[in-house]
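Student: Sharing a structure, written as structure tokens. Questions coming.
The values are calculated or read from the model by the stated rules, or taken from the named source; none is laboratory data. Because the structure is predicted, anything quoted here is derived from the model rather than measured. Heads up, the Cβs are rebuilt from the backbone with ideal geometry, glycines too, and the neighbour counts pull from every protein chain shown.
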Amino acid sequence: MTKETIRDVILRASRFLEDKGIRHPRLNAEVLLQHVLGWEKYQLLAEMHMEFPEESRETYERLIKRRGSHEPLQYIVGHQEFFGRDFIVRKGVLIPRPETEILVEEVCKRKEMFTGHPVIVDVGTGSGAIAVTLALEWPEAKVLAIDLSKDALLVAQENAARLRASVSFLQGNLLEPILRKGQRVDVLVSNPPYIPSEDVQHLDEEVRCYEPLLALDGGEDGLSPYRMMVTQLPLVMREEGPALVAFEVGIHQAEAVARLIEQGWPPAKTTIIPDWQGIGRVVIGWRESINWFC
Ligand SMILES: C[S@@+](CC[C@H](N)C(=O)[O-])C[C@H]1O[C@@H](n2cnc3c(N)ncnc32)[C@H](O)[C@@H]1O
């Protein structure tokens, strides 16, 4: 009997994944095989006609079955790239999304507003993608990161350690740990749960059945976490000097969140940053430096 080549096995796995309704089945089949064999993409392409290594068959078929049940690829391989760095992810923590890179980019663009060692807080840190990236991209800053979920904080701490980022992690409800410490901050950044409760049931199976509900459900209209945080802005933002708030928001939420910031934290100005599809994705609120001697 002729043995199967790597290409044969990939094609069979792709067909299986396609039947299960997985988007980009071939890419998924290849990435999972690279993961099992510990190979780079170029090695896989170069060795397509090689005989499939029998000792890897059981593991590969098990992973393909998991993917066929719509478990996210990132949970199976255990990592996701964010802002050019590799982050560990596993069940219990949201997989960082490319849209969130816009949030980080917009914060980094505004570094010049601040001098010295500004205090940044990332609320709902999840895998730590935002906090760790900001700590590495803005080394002068002191970065704090909060999450309600112990599981998320464990992953975030692991990511900070692996990527050698200096971040202080706190467990608690939104800004409560900061209020408890009496800490004032210069920059507040957050990608909170923002899906309206009713809409959670309509999310893709991959998200709905595998990613943590705590990371998704933003209450009745999806705006509850913003409302809570905005109410606390006057108590947590530094009283003088420049200050910045940057929120990632869901579809059709940008205007409402901008109004919440303007009303809850006068005299803040706001701007909305669209994503690549033109959807308002990031809301920035800022207060310029107040010169009390003018
Ligand atoms: C949408 S995820 C964002 C994760 C990560 N920052 C990212 O952008 O990939 C929201 C995060 O907020 C956390 N969270 C939800 N409710 C919270 C609360 N009341 N206080 C603190 N964190 C909360 C969740 O555990 C989750 O990690």
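Student: Any residue that is within 18 Å of Glu106 (Cα to Cα), in the same structural domain as Phe114 (by TED's automatic domain parsing) and within 16 Å of the ligand (Cβ to nearest atom) - is there at least one of those in region 211-234?
Tutor: So in region 211-234, the residues within 18 Å of Glu106 (Cα to Cα) come out as none.
No - not one qualifying residue is present in region 211-234.
Student: Applying the selection to region 175-193, what residues are surrounded by 16 or more Cβ atoms within 10 Å (Cβ to Cβ) and either among the aliphatic types (A, V, I, L, M) or at positive phi (or both)?
Tutor: Correct list: Leu175, Ile178, Val185, Val187, Leu188, Val189.
Student: Further question on the same structure: Of everything in region 235-246, what is in contact with a helix residue (DSSP H, G or I) (Cβ under 8 Å, 6 or more places away or on another chain), within 14 Å of Glu176 (Cα to Cα) and away from the ligand (no atom under 15 Å from the Cβ)? Give them in sequence order. Can you show your working first?
Tutor: Applying the first criterion (in contact with a helix residue (DSSP H, G or I) (Cβ under 8 Å, 6 or more places away or on another chain)) to region 235-246 yields 235-236, 242, 244-246.
This time we only want the ones that are within 14 Å of Glu176 (Cα to Cα), so: 235-236.
Residue satisfying the conditions is Leu235 alone.
Student: Could you list all residues from region 267-294 that are over 21 Å from Pro118 (Cα atoms), of a type outside the set (Phe, Trp, Tyr) and more than 23 Å from the chain's Cα centre (by Cα)?
Tutor: Of everything in region 267-294, just one residue is over 21 Å from Pro118 (Cα atoms), of a type outside the set (Phe, Trp, Tyr) and more than 23 Å from the chain's Cα centre (by Cα), namely Cys294.
Student: Here are some conditions: (1) in contact (Cβ under 8 Å) with a residue 12 or more places away in the chain; (2) buried (at least 16 other Cβ atoms within 10 Å of the Cβ); (3) part of a helix (DSSP H, G or I). Arg7 meets all but one. Which one does it not meet?
Tutor: All conditions are met except number (2).
Student: When residues of region 16-27 are filtered for being more than 25 Å from the chain's Cα centre (by Cα), in a helix (DSSP H, G or I) and surrounded by 13 or more Cβ atoms within 10 Å (Cβ to Cβ), how many remain?
Tutor: Residues flagged as more than 25 Å from the chain's Cα centre (by Cα), in a helix (DSSP H, G or I) and surrounded by 13 or more Cβ atoms within 10 Å (Cβ to Cβ) within region 16-27 amount to 4.
Student: A further question on this structure: In region 142-169, which residues are of a type in the set (A, V, I, L, M), farther than 27 Å from Ala268 by Cα and within 11 Å of the ligand (Cβ to nearest atom)?
Tutor: Leu148, Ala152, Leu153, Val155, Ala156
Student: Let me ask something additional. Within region 96-130, track down each residue that is assigned to a loop (DSSP other than H, G, I, E, B), touching a Phe, Trp or Tyr at 6+ places or on another chain (Cβ under 8 Å) and either within 11 Å of the ligand (Cβ to nearest atom) or more than 14 Å from Leu188 (Cα to Cα) (or both).
Tutor: Pro96, Thr125, Ser127, Gly128
Student: Sticking with this structure for a sec: I'd like the full set of residues that are assigned to a strand (DSSP E or B) and either more than 26 Å from Gln34 (Cα to Cα) or more than 11 Å from the ligand (Cβ to nearest atom) (or both), limited to region 71-95. Explain how you work it out, then say what you get.
Tutor: If we filter region 71-95 for residues that are assigned to a strand (DSSP E or B), which is where we start, we get 79-82, 85-88.
The answer is His79, Glu81, Arg85, Asp86, Ile88.
Student: Across region 171-210, what is the number of residues that are within 14 Å of the ligand (Cβ to nearest atom), within 13 Å of Leu144 (Cα to Cα) and not in a helix (DSSP H, G or I)?
Tutor: Counting residues in region 171-210 that are within 14 Å of the ligand (Cβ to nearest atom), within 13 Å of Leu144 (Cα to Cα) and not in a helix (DSSP H, G or I) gives 7.
Student: Report yes if some residue within region 219-242 is under 16 Å from the mean Cα position of the chain (by Cα) and in a loop (DSSP other than H, G, I, E, B); otherwise report no.
Tutor: Checked against the condition, which is being under 16 Å from the mean Cα position of the chain (by Cα) and in a loop (DSSP other than H, G, I, E, B), region 219-242 yields no hits at all.
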